[in-house]
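Working notes for the structure below.
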Amino acid sequence: MYIVMIASECAPVAKVGGLGDVVQGLSRELETRGHAVEIILPKYDCLRYDLIHGLHITCADLWVPWHGNAIHCSVWFGFVHGRKCFFIEPHSQDNFFSRGNFYGYPDEALRFAFFSKAALEFLLKTNKRPDILHCHDWQTGLVPVLLYEMYQHVGMSNPRVCYTIHNFRHQGIASDNILAATGLQRPSYYHQPDRLQDNFNPSAINFMKGGIVYSNFVTTVSPQHAWEARYTDQSYGLGHTLYLHQGKFGGILNGLDYEVWNPEIDSLIPCRYHIGNLDRKYCNKEKLRERLWLRKEFKPIVTYVGRLDQQKGIHLIKHAIFYALQQGAQFVLLGSSPEAGINEQFWQLKRQLNDNQDCHLEIGFNEELSRLIYAGSDLILVPSIYEPCGLTQMIALKYGTVPIVRAVGGLVNTVFDRDYDLRPFHERNGYVFNQDSYQALESVMHRAISLWYNYPSEFCKLMISGMRYDYSWNHPGQDYLNIYQHIMQN
Ligand code: ADP
């Protein structure tokens, strides 16, 4: 099969969160199974260029129709971790992808509408005819719309589209003027409740809704989140659209690329280890303490790694820092937010806790430090308000760090409470709490920290049962292939 991924992120060169990991990991799995996979990305100025191999211009003169005119683009090719990536670079005063950051600009919808258009134009002009286009999140929601309304009539009748929603919160809500820029004339045709009209803001269009309506199959990133999206408010207004398209909607748990996330081979951690020599994990704990100036005491390290977004339960994270310290644990946080206000809250907290030798808050994005944290901590907290899949808990499990999670989304599908889950004991791998409340958080943290102090051998068993789980791309890779086969036949 010939599959083209169109996405706004691909780890490690363009990674803001889990989307980047998924595009990279799924592509690798599909290639390992013998399929041809190519990835199309914007050529941001803030790509990790040091991690792209053999970068060169492969198509110097791509003219992308835009606003009745055309924008001149160069398309670059390079390998990212062995994956074949194309990077689209527009040469226009809009400066779509040369702004220092991946996201966070007022013309976001325009930037990614252009990217979607340019990706299809590139495929058309270079005579690439994939069997499958796999699009991700709102940024590429217009791809299936453009494909079925325009490009299939000019020679691209082959591709079928699988559309994966990683986060329903951001949907790409914009004015319908944007459609005309892409060449989709007749705004009134698209601006209908059964097409792109936003379900709550009738004067706007919604890219993600377009992706759902026009794709051949729609997935979200865990079975539990698929259920939540259909039956709760977690699809942020798209529940009815999913209901109408329920026959082509499902949840597939994300996988983790164990070539990238594996303490046995991770070259970025000081001491590699596996289930058979878990004591070596503690050498990473020492190194983590040295690096972050934490004192060397007999204490568990509780950690948080992730974006600092309301979605992640900011109030619970803050509360957990103080509760962990009070319970005799150390706390390490690594995270950042695109919102200056949230970052500032954490900078204030950092200043407040500056002299505390049991606590370190690192505000920023640092992949290498994240790995040392996964390897060197005892417990990791994921107290999300909603969590479509969540990779941090899966990474932590692989690194023998016991997760404490809130029972939402993919966290429900991956973490099973040591004390209360109904599965056999050896299948339980962490701690789970339900309520979005300080009491529930304290109770679960108390259970986890007490086990660490009072029953170390039991804690060790919990670490090992987590490390034994297989959350690789093996199963989800096959699930996606089944979907591709299905939509190619229908
Ligand atoms: P989301 O996609 O909502 O951000 P996920 O749990 O699916 O959350 O994925 C988060 C990924 O991003 C993980 O690989 C995590 O290690 C990484 N990550 C998040 N924040 C940081 C950070 N500040 N520094 C390094 N890695 C981070």
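The values are calculated or read from the model by the stated rules, or taken from the named source; none is laboratory data. Worth saying up front: this structure is predicted, and the values here are computed from it rather than measured. So basically every Cβ, Gly included, is an ideal-geometry build from the backbone, and we count neighbours across all protein chains shown. Accessible surface is based on the protein model in full, side chains and every heavy atom, while ligands, DNA and RNA are left aside. Shrake-Rupley method; radii C 1.70, N 1.55, O 1.52, S 1.80 Å.
For a 4.7 Å threshold on C-beta separation, the list of partnerless cysteines in the chain reads Cys10, Cys46, Cys59, Cys73, Cys85, Cys135, Cys162, Cys359, Cys389, Cys460. Computed from backbone phi with θ = phi - 60° and the Karplus coefficients 6.51, -1.76 and 1.60, the 3J(HN,Hα) list for the stretch 50-61 is 5, 9, 9, 9, x, 5, 8, 6, 9, 9, 7, 10 Hz; x is used for glycine and proline. On a C-alpha basis, how far is the centre of the stretch 134-203 from the centre of the stretch 417-490 in Å? Whole number, if you could? Here the answer is 36 Å between Cα centres. Measuring with a 1.4 angstrom probe and ignoring ligands and nucleic acids, Glu38 comes out at about 30 Å² accessible.
Amide H contacts of Cys59: Val75, each under 5 Å away and 5 or more positions distant or on a separate chain (H built 1.01 Å from N in the peptide plane; Pro and chain starts excluded).
Per residue, the accessible area of the chain comes to 38 Å², computed with a 1.4 Å probe over protein heavy atoms only. The figure for Tyr243 is an accessible area of roughly 110 square angstrom, using a 1.4 Å probe on the protein chains alone.
How big is the equivalent ellipsoid of the stretch 275-467 along its three axes, where each semi-axis is √(5λ) from the Cα gyration tensor, reported in whole Å from largest to smallest?
Numbers: eigenvalues 108, 79, 46 Å².
After scaling each eigenvalue by five and taking roots: 23, 20, 15 Å.
Of the beta bridges in the stretch 275-467, as assigned by DSSP with both residues counted there, near 0 percent are antiparallel.
Against the main long axis of the alpha-carbon atoms of the chain, helix 18-32 sits at an angle near 80°. Nonpolar atom fraction for the chain, defined as the carbon and sulfur part of the 1.4 Å probe accessible area, stands at 50 percent. Applying a threshold of 18 Å to the alpha-carbon distances of Lys84/Lys128; Lys296/Lys398; Lys350/Lys398; Lys43/Lys117 flags Lys296/Lys398; Lys350/Lys398 as lying beyond it. Over all pairs of different C-alpha atoms, the stretch 388-490 has a mean inverse distance whose reciprocal, the Kirkwood radius, equals 14.9 Å.
For Val305, the residues whose modelled amide H falls within less than 5 Å of its own, excluding neighbours fewer than 5 places apart on the same chain, are Leu334, Leu381. Ordered from largest to smallest accessible area (heavy atoms of protein chains, 1.4 Å probe), the residues Trp347, Trp66, Trp293 come out as Trp293, Trp347, Trp66.
In terms of its C-alpha gyration tensor, the stretch 309-398 comes out rounded, because the ratio a/c of the largest to the smallest axis stays below 1.5. Ordered by solvent-accessible area of protein heavy atoms (1.4 Å probe), largest first, the residues Ile252, Ile275 come out as Ile275, Ile252. Taking all protein chains as shown and a probe of 1.4 angstrom, Glu458 keeps an accessible surface of around 40 Å². Restricting the calculation to alpha carbons of the chain gives Rg and Dmax of 22.9, 70 angstrom.
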